[in-house]
């Protein structure tokens, strides 16, 4: 999701838009958690299927844990920490392809 500036902008915009819609409906925290879980799940599934990176299974498990915490209405601090783990999984530098110098 964060491989190019365009994908990054689209992903962040989608998360913000859904969170704003959740805020209008009175459920901003749940909407933010749901979008973070969704973005992480999609990106890690893409990593496992398209790029063949089995290590992304751990990221998928973190996103599933976040979705479960949001669904059962668990402690907001634990859900927030799990959401931060999802975000950290998405932005870690080892997941990004090496930058190639332009000629």
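Quick notes
- Any chance residue 45 is at pLDDT 85 or above, surrounded by fewer than 18 Cβ atoms within 10 Å (Cβ to Cβ) and part of a helix (DSSP H, G or I): yes
- Any chance residue 54 is modelled with pLDDT under 85, farther than 15 Å from residue 88 by Cβ and in contact with a helix residue (DSSP H, G or I) (Cβ under 9 Å, 6 or more places away or on another chain): yes
- Residue within region 94-101 that is at pLDDT 80 or above and surrounded by 11 or more Cβ atoms within 10 Å (Cβ to Cβ) present: no
- Applying the condition of being touching a residue at least 40 places away in the same chain (Cβ under 8 Å) and not in a loop (DSSP other than H, G, I, E, B) to region 1-35 and asking which residue is surrounded by the most Cβ atoms within 10 Å (Cβ to Cβ) yields 33.
- Of 38, 74, all but one fail to be surrounded by 12 or more Cβ atoms within 10 Å (Cβ to Cβ) and modelled with pLDDT of 85 or more; the exception is 38.
- Filter result for residue 68 (modelled with pLDDT of 90 or more and either assigned to a loop (DSSP other than H, G, I, E, B) or under 15 Å from the mean Cα position of the chain (by Cα) (or both)): yes
- Residue-level analysis places residue 90 among those that are in contact with a helix residue (DSSP H, G or I) (Cβ under 7 Å, 6 or more places away or on another chain), surrounded by 15 or more Cβ atoms within 10 Å (Cβ to Cβ), at pLDDT below 85 and not in a loop (DSSP other than H, G, I, E, B).
The values are calculated or read from the model by the stated rules, or taken from the named source; none is laboratory data. Not measured: the values here are computed from a predicted model. Backbone-built Cβ (ideal geometry, glycine too); neighbour counts: all protein chains shown.
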